[in-house]
Amino acid sequence: MTTQHEDSLCTNPGFDGHGHLVNWQDWSPALAKQMAARDKVKLTKAHWALFNLLRDLYSQTGETPPMRLFIRVIRDNLGEEMANSRFLYRLFPDAPIKHLCRYAGLPKPPHCI
């Protein structure tokens, strides 16, 4: 059962129909924590490192990367341990890039269904 506050997070006009922020600059760590609490996801240091890396990449390119490209970026910036799809699927078992983007306040990736 969700609370009225949690429901308002999804119906806020700043979100699209998939739960992604319309304006990525409206994001805050507090918002990511609210979303995670609603979804019963415990955010770890790895989540935050990936959110920050993804946001940095988006600010430079204006695009959300496909998984293979993001794994290369992870390897170059965060090291081998996190740079594989199995690691990402452990954090988000269903569509890691889509959920990383959502929690990082970025648009739904065009390559995700």
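The values are calculated or read from the model by the stated rules, or taken from the named source; none is laboratory data. Just so it is clear, the structure is predicted and the values come from calculations on it, not from any experiment. Note that we place each Cβ from the backbone using ideal geometry, even for glycine, and neighbour counts take in every protein chain shown.
For (1) modelled with pLDDT of 95 or more; (2) of a type in the set (A, V, I, L, M, F, W, C), each residue gets a yes or a no:
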{"position": "59", "(1), (2)": "yes, no"}
{"position": "64", "(1), (2)": "no, no"}
{"position": "67", "(1), (2)": "no, yes"}
{"position": "74", "(1), (2)": "yes, yes"}
{"position": "77", "(1), (2)": "yes, no"}
{"position": "89", "(1), (2)": "yes, no"}
{"position": "93", "(1), (2)": "no, no"}
{"position": "109", "(1), (2)": "no, no"}
{"position": "112", "(1), (2)": "no, yes"}
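With respect to (1) among the small types (Gly, Ala, Ser); (2) at pLDDT 90 or above; (3) surrounded by fewer than 16 Cβ atoms within 10 Å (Cβ to Cβ), the lone exception for residue 8 is condition (2). On the stretch given as segment 85-110, residues that are surrounded by 13 or more Cβ atoms within 10 Å (Cβ to Cβ) and assigned to a loop (DSSP other than H, G, I, E, B) total 8. If you go through segment 15-49 and keep only what is modelled with pLDDT of 90 or more and in a loop (DSSP other than H, G, I, E, B), you end up with 27, 28, 40, 41, 42, 43, 44.
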